[in-house]
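Presented below is the structure to which this report refers.
The values are calculated or read from the model by the stated rules, or taken from the named source; none is laboratory data. Keep in mind the model is a prediction, meaning the values are calculated, not measured. Note that we place each Cβ from the backbone using ideal geometry, even for glycine, and neighbour counts take in every protein chain shown.
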Ligand code: FES
Ligand code: FES
């Protein structure tokens, strides 16, 4: 499948970081070679080391109404900072290339794929994650409907589903089936909970 949009950008970044491979003739390429540099940086550092290390605070993040000064490289995806640096692990890693929606959070009120959004682009903007989405009117309705209809199966995709569904309801208080399908198509559920997701969004829309 050909990556699109943000996924293409993510892959471009990976290839740029792997440029030395183009001149390599004597060694085989392996999967580790194709990972972008931030992958190693993110896993090489503990959250404790990254947060406020050596007194530098290059990025100020506002997540769920709280301020965080984080000392990280600006090209590390927001997802790693949320999970590994700040410790908000409700947002999940799925594909890492903007194809599954598991990592969806809101930045400036809009749903974004945090696995490809450089943290520098989220600085100074309000970020909302699954941990606080229930504090918004739409998020509260969505979560209540999710529980009522018992949407969740394994649960792995569900924080991303709820973030996308909440953004939909905030933009469109009475979404049609077509609206729901169009917006939620980017969130993959391997357990196939799509019918219950659609029913829960409609129930939330009814209030
Ligand atoms: S982990 Fe971000 S879209 Fe899949
Ligand atoms: S509930 Fe299992 S992947 Fe969606």
- Message: Going by what's in this entry, would residue 116 be described as touching a residue at least 40 places away in the same chain (Cβ under 8 Å), touching a helix residue (DSSP H, G or I) at 6+ places or on another chain (Cβ under 9 Å), surrounded by fewer than 20 Cβ atoms within 10 Å (Cβ to Cβ) and in a loop (DSSP other than H, G, I, E, B)?
- Response: no
Would you mind stating whether residue 131 is at pLDDT below 95, more than 10 Å from the chain's Cα centre (by Cα) and not in a strand (DSSP E or B)?
no
Scanning segment 149-207 residue by residue, the ones that are assigned to a loop (DSSP other than H, G, I, E, B), within 16 Å of ligand 1 (Cβ to nearest atom) and surrounded by 22 or more Cβ atoms within 10 Å (Cβ to Cβ) total 3
Residue under question is residue 138, and the condition is that it be in a helix (DSSP H, G or I) and either within 11 Å of ligand 1 (Cβ to nearest atom) or over 15 Å from the mean Cα position of the chain (by Cα) (or both); does it hold? yes
Considering residues that are in contact (Cβ under 8 Å) with a residue 24 or more places away in the chain and within 16 Å of ligand 2 (Cβ to nearest atom), the number found within segment 119-148 is 4
Filtering segment 107-121 for residues that are closer than 27 Å to residue 137 by Cβ and within 14 Å of ligand 1 (Cβ to nearest atom) leaves a count of 6
For segment 119-140 the number of residues that are surrounded by fewer than 22 Cβ atoms within 10 Å (Cβ to Cβ) and within 23 Å of residue 205 (Cα to Cα) is 8
Within segment 97-113, the residues that are buried (at least 21 other Cβ atoms within 10 Å of the Cβ) and part of a loop (DSSP other than H, G, I, E, B) are 98, 100, 101, 102, 103
Taking first residues from segment 151-170 that are free of Cβ contacts under 8 Å to residues at least 40 places away in the same chain and second residues anywhere that are part of a loop (DSSP other than H, G, I, E, B), the pairs with Cβ under 6 Å that are 6 or more apart or on different chains are 154/191; 158/152; 168/175
Expected output for segment 84-96 (first residue on the phi < 0 side of the Ramachandran plot, partner assigned to a loop (DSSP other than H, G, I, E, B) and away from ligand 1 (no atom under 14 Å from the Cβ), Cβ below 7 Å, 6+ apart or cross-chain) is 85/51; 85/72; 88/131; 90/131
One residue is enough: does segment 164-171 have a residue meeting the conditions within 10 Å of ligand 2 (Cβ to nearest atom), within 24 Å of residue 82 (Cα to Cα), at pLDDT 95 or above and in contact with a strand residue (DSSP E or B) (Cβ under 6 Å, 6 or more places away or on another chain)? no
